[in-house]
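The values are calculated or read from the model by the stated rules, or taken from the named source; none is laboratory data. As the structure is a prediction and not an experimental result, all values here were calculated from the model. Neighbour counts are summed over all protein chains in view; Cβ atoms, including those assigned to glycine, are modelled from backbone coordinates with ideal geometry. Remember, those area values only see protein heavy atoms, side chains included, never the ligands or the DNA or RNA. Shrake-Rupley method; radii C 1.70, N 1.55, O 1.52, S 1.80 Å.
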Amino acid sequence: MKTPLLAWHQAQGAVLINDRGIELPECFTNFRDEYRAVREKAGLIDLSFRAQVRMTGEDRVTFLQGMVSNDVKALRPGGGCAATLLTEQGRIVADLRVYALDTAFLLDIDTRIKDKVIETLSRFIIADDVEMEDLSATQTTIALQGPLSVQVLAAAGVSVSLDKPFQHCETPLADTLVRILHVNDTGEDGYEIFVPSMQIEAVWQALLEAGSPLGLRPVGLAALNTLRVEAGIPWYGIDMDESRIVLEVGLEHALSFTKGCYLGQEVVERVSARGHVNRKLSGLLVQGDILPDSGDKVFHEAQEVGWVTSAVTSPRLGQPIALGYIRREHSAPGTQLRIDRSGTPMIAEVTVLPFVR
């Protein structure tokens, strides 16, 4: 799969990378400059690895309410929420965002699991008046992230008042009707923008031209990954998959404990009533200059107590940091652990997420 912005990225000399089947820009100029732009000003990010599915039909509200982990019945047009789709055993099929329109829902998911989500939901549509439309061929996602994001939009002629997380609205941008959503992808304030794919290059270029005097610059996957790890944001397929239960991942904001029954709810309630999970996605401050790798085992003395899922070098902290699953008995902040990197031991300290506040 290739981003619709591929020709623009190539013309700018971006370094491209195949990220789990999708060709995306790793960086445009300098990783640290791109990272700093998001932290201090604003960055424009190609999120072509996101996809949307439109759900319509008279029964869409009751159907989706019984399928996902958050209270979508409470959403009003222009509102949204994080949610998860679980197996009957409480395992994570997908993490997603649900956005309410006047007569539809938009399900926003990683495009690499889009087909799995559609197939899973379709199995439960029996007599329900529910239809799903895959928008991935006609709609592209980009993100505007950083403290000056709202000023960049204003410079592009767009005025939005989206105060709450996942609020959204339609608005013209570069003579194109787009949907702007208040979403934090990096630990900084910002927005995602759903753009008709035929107009994506024009919208991308218009934002860059309007935001350039404010310090806006294109940002690649390397900086995005570093920013999201610093923010403690897990990615599906890297930090979580169908082998994990939702409470291990720290996605409590995607759960409602008052909405009633949904797929996998009994397991979530049982684990919640117990008061703890056996392991939890945790932050690790790593000593030295060597980065751990995904899958590296974590030890407390001679006992294996977990494994690493993501690791980056944090510009803000000046050291390697990692996300990983750590057993409950050894997950208290300040606990000293050892990561085994191909026989090379590294000392790591458990810390509270996010790494950067």
A student applying the Cα gyration tensor rule (rounded when a/c is under 1.5; otherwise prolate if a/b is larger than b/c, oblate if not) would label the range 152-194 prolate
Output wanted: per-residue J couplings in Hz (rounded whole) for the range 21-32, from phi through Karplus 6.51 cos²θ - 1.76 cosθ + 1.60, θ = phi - 60°, x for Gly and Pro. x, 10, 7, 9, x, 6, 7, 9, 10, 9, 3, 5
When the charge dipole of the range 296-357 is computed with +1 on Lys and Arg Cβ and -1 on Asp and Glu Cβ about the Cα centre, the Cα farthest towards its positive end, among Pro315, Ile347, Val305, belongs to Pro315
Using Cα centres only, tell me the gap between the range 18-76 and the range 287-340 in whole Å. 27
For the range 112-169 versus the range 180-216, the gap between their alpha-carbon centres in whole angstrom: 14
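At 1.4 Å probe size, with the rest of the protein present, what percent of the exposed accessible area of the chain is carbon and sulfur atoms? Before the final figure, lay out the partial values.
On the way: 7230 of 15190 Å².
Whole-percent figure for carbon plus sulfur exposure: 48.
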For the chain, what percent of Cα pairs sit more than 36 Å apart? 22
List residues of the range 76-96, by number, whose backbone nitrogen lies under 11 Å from a label position 7 Å along Cα→C-beta of Asp241. none
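Please get the size of the charge dipole for the chain, origin at its Cα centre, with Cβ charges of +1 on Lys and Arg and -1 on Asp and Glu, quoted in debye to the nearest 20.
Rounded to the nearest 20 debye, it is 720 debye.
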Cubic angstrom per residue, convex hull over Cα atoms of the range 99-229: 129
Expressed in nanometres to one decimal, the distance between label points 7 Å along Cα→Cβ at Gln10 and Glu170 is 3.4
Probe of 1.4 angstrom, ligands and nucleic acids ignored: what's the accessible area per residue over the chain, in square angstrom? 43
Which percent of Cα-Cα pairs in the range 30-188 sits in each 5 Å bin, short to long? 2, 8, 16, 21, 19, 15, 10, 6, 3, 1, 0
Out of Gly80, Gly90, Phe49, whose Cα points farthest toward the positive end of the dipole of the range 1-93 (charges: +1 Lys, Arg; -1 Asp, Glu; placed on Cβ)? Gly80
Given 5-14, 121-130, 103-112, the highest-first ranking by average Cβ count within 10 Å works out to 103-112, 5-14, 121-130
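At 222 nm, what value in deg cm²/dmol follows for the chain if DSSP H runs of at least 4 each add -39500 (n - 2.57) and the sum is divided by all its residues, to the nearest 500?
-5500 deg cm²/dmol
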